[in-house]
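Student: After the structure tokens below, expect a handful of questions from me.
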Amino acid sequence: MKKDRNRGGGNRSDRQGPVEHPETAYVYLIKNPSSNEISVCAWDSPLYPGTQVVAPTKYGLDLGMVLGSASEIGETYEPGCVQCRGACLHAQSTQEPSLEPDAQDSLDAIGELTPDGEVLVEQGGDSFVEPLDAAETPSDGGFDSPVPAGAEPEAIFAEDGDATDAADSGGDGRELSDSVGGADFRTEVEAVAVGSSAEESSKFADIHWDAEPDEDPCAGCGGCFKRIQPRLVEVDGDVDWIDRLATPDDLRRYQENLEKEGEALRLCREKVSRHGLDMKLVTAHYLLGEPKLLFFFTADVRVDFRELVKDLVSIFRIRIELRQIGVRDESRVLGGLAVCGRDFCCHSVTDKLNPVSIKMAKEQNLSLNSMKISGPCGRLLCCLSYEYDFYVEEKRKYPPEGSRLKIGHDLMKITEVNILSRKISLAGPDGRFLTIPCSAVFFNAEMNRWEITKAYLDEFFSN
């Protein structure tokens with residue numbers, strides 16, 4: 001009689017009998033840190049990104065991390081704002097100080113303040129120099145006012161904010177530095193305070209210095225990245241449920257398992273070499289929620305590892321599973337840097353390995369050199385499929401490559417359609433080459449063919 005391997009699994013809730021789950025729950029995207037696979041699981045309370053949980057995977061119960069809410073999956077995509085206003089789309093605009101109408105008019109008349117203290121005015125195409133009126137001279141220290149010759153710096157503030165003479169504070173502002181706390185801050189305030197009056201210096205009395213760094217303004221903004229709040233949705237029986245929230249003991253055991261995985265991989269490689277098996281071990285992983293040890297390997301042919309499994313069970317005394325994966329899965333599990341200098345897409349962006357063909361490179365007018373369009377795994381780059389649909393959709397708006405366009409009395413063949421530069425390259429029968437803009441062609445529905453606009457032909461032959 002064949003044994004039921006699923007009976008008595010690692011999920012403790014399954015061993016206690018079927019569990020009745022509610023019809024509505026919160027659904028989340030859960031990422032497994034060992035295999036970088038993403039799954040959708042349900043839970044009965046709100047969770048937020050970064051929460052550690054113990055969730056089911058296709059290998060068993062293991063540690064997972066909540067990436068975010070999955071309640072928006074399947075809904076209509078809403079594009080963001082394309083009106084960029086600088087480095088941050090949600091930066092608050094700086095408010096300019098309001099001016100009285102008369103002051104605004106006088107400000108518009110002032111062009112530049114000369115080193116001699118006069119104003120260079122440009123009005124009506126004429127430029128002339130006028131002395132700066134006393135009423136227009138700022139009294140709040142807006143301009144750098146020179147210190148009269150022979151005058152001593154009056155300056156420095158005590159801890160209580162009152163202005164004191166330099167002689168009372170030791171002449172070097174040491175009292176300020178001790179009360180505020182920092183030689184750098186003392187130097188900065190002294191530079192402002194030198195030559196200032198007691199009234200002007202009083203506004204600096206409330207300045208305080210803090211060694212803690214400023215809070216990141218993007219930390220609590222949420223404008224550039226719309227954080228999806230979890231909400232209750234209806235779930236059916238096909239959705240897996242999170243087993244439990246990870247406890248400190250779970251995280252400690254997970255770190256211990258990570259340390260033991262290296263030794264387990266070394267022992268397995270010794271057994272593989274002893275049995276003479278043609279296989280390459282990739283990684284080993286202990287499951288957190290079940291007494292199970294997984295070994296991932298790659299091989300060109302089918303491997304009979306029954307004797308190897310017996311030896312491994314006798315050593316580790318737990319359930320052993322050997323799983324064969326492809327070379328692309330090896331890159332997804334291990335990770336690394338791609339030719340673009342970023343992490344592997346299959347490791348950091350997505351866990352789905354979509355099929356990639358050489359046709360995708362042809363449609364994007366890329367070099368067909370295998371060294372340039374292949375990744376470290378030896379297969380075609382996954383990013384070739386990212387923009388493939390866009391190129392196919394855009395090329396439907398232009399004549400296909402290989403078709404012919406009539407220019408005058410000649411039929412010229414289309415050799416390339418560059419949708420990025422919006423240019424069409426043509427080759428004539430006598431070896432001539434011509435490049436025309438994509439806006440110069442249109443599809444004649446009556447004649448069922450592509451033609452060049454009359455306006456472009458007239459301009460082309462006139463030149």
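The values are calculated or read from the model by the stated rules, or taken from the named source; none is laboratory data. In this text, all values refer to a predicted model and were calculated from it rather than measured experimentally. Cβ sites come from the backbone with ideal geometry, for glycine too, and all protein chains shown count toward neighbours.
Student: What residue, among those in the stretch 291-306 that are of a type outside the set (S, T, N, Q) and modelled with pLDDT of 90 or more, is farthest from Val53 (Cα to Cα)?
Tutor: Filtering the stretch 291-306 for residues that are of a type outside the set (S, T, N, Q) and modelled with pLDDT of 90 or more, the one farthest from Val53 (Cα to Cα) comes out as Ala299.
Yes or no, residue by residue, for (1) out of contact with any Gly (no Cβ under 7 Å at 6 or more places or on another chain); (2) β-branched (Val, Ile, Thr):
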site	(1), (2)
Phe297	yes, no
Val313	yes, yes
Ile318	yes, yes
Glu321	yes, no
Leu334	yes, no
Cys345	yes, no
Pro355	yes, no
Ser367	yes, no
Pro376	no, no
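Student: How about the stretch 380-401: which of its residues are part of a helix (DSSP H, G or I), crowded, with 18+ Cβ neighbours inside 10 Å and more than 27 Å from the chain's Cα centre (by Cα)?
Tutor: none
Student: Also, quick follow-up: Tally the residues that are among the polar types (S, T, N, Q) and either modelled with pLDDT of 95 or more or part of a helix (DSSP H, G or I) (or both), restricting the search to the stretch 261-290.
Tutor: Qualifying residue count, the stretch 261-290: 1.
Student: So how many residues does the stretch 405-429 have that are in contact with a strand residue (DSSP E or B) (Cβ under 8 Å, 6 or more places away or on another chain) and surrounded by fewer than 16 Cβ atoms within 10 Å (Cβ to Cβ)?
Tutor: Selection size over the stretch 405-429: 11.
Student: Under 7 Å by Cβ, and 6 or more places apart or on different chains, what pairs join a residue from the stretch 30-45 that is in the same structural domain as Trp241 (by TED's automatic domain parsing) and within 19 Å of Val333 (Cα to Cα) with one that is of a type in the set (S, T, N, Q) and not in a loop (DSSP other than H, G, I, E, B)?
Tutor: Correct list of pairs: Ile30/Ser39.
Student: Given the criteria in the same structural domain as Ile30 (by TED's automatic domain parsing) and more than 14 Å from Ser34 (Cα to Cα), does Val239 qualify?
Tutor: For Val239, the condition - in the same structural domain as Ile30 (by TED's automatic domain parsing) and more than 14 Å from Ser34 (Cα to Cα) - is met.
Student: Among the residues of the stretch 7-30, is there at least one that is at pLDDT below 90, closer than 27 Å to His285 by Cα and among the aromatic types (Phe, Trp, Tyr)?
Tutor: No: the stretch 7-30 contains no residue that is at pLDDT below 90, closer than 27 Å to His285 by Cα and among the aromatic types (Phe, Trp, Tyr).
Student: Select from the stretch 337-373 the residues that are polar (S, T, N, Q) and surrounded by 15 or more Cβ atoms within 10 Å (Cβ to Cβ) and list them in ascending order.
Tutor: The answer is Gln364, and nothing else.
Student: Sticking with this structure for a sec: Filter the stretch 338-360 down to the residues that are touching a helix residue (DSSP H, G or I) at 6+ places or on another chain (Cβ under 6 Å), under 14 Å from Leu380 (Cα atoms) and part of a helix (DSSP H, G or I) and list them by number.
Tutor: Within the stretch 338-360, Cys345, Cys346, Met360 qualify.
Student: Quick check on my filter: what residues within the stretch 417-443 are assigned to a strand (DSSP E or B) and within 16 Å of Arg396 (Cβ to Cβ)?
Tutor: If the condition is that a residue be assigned to a strand (DSSP E or B) and within 16 Å of Arg396 (Cβ to Cβ), then Val417, Asn418, Ile424, Val441, Phe442, Phe443 are the ones that fit.
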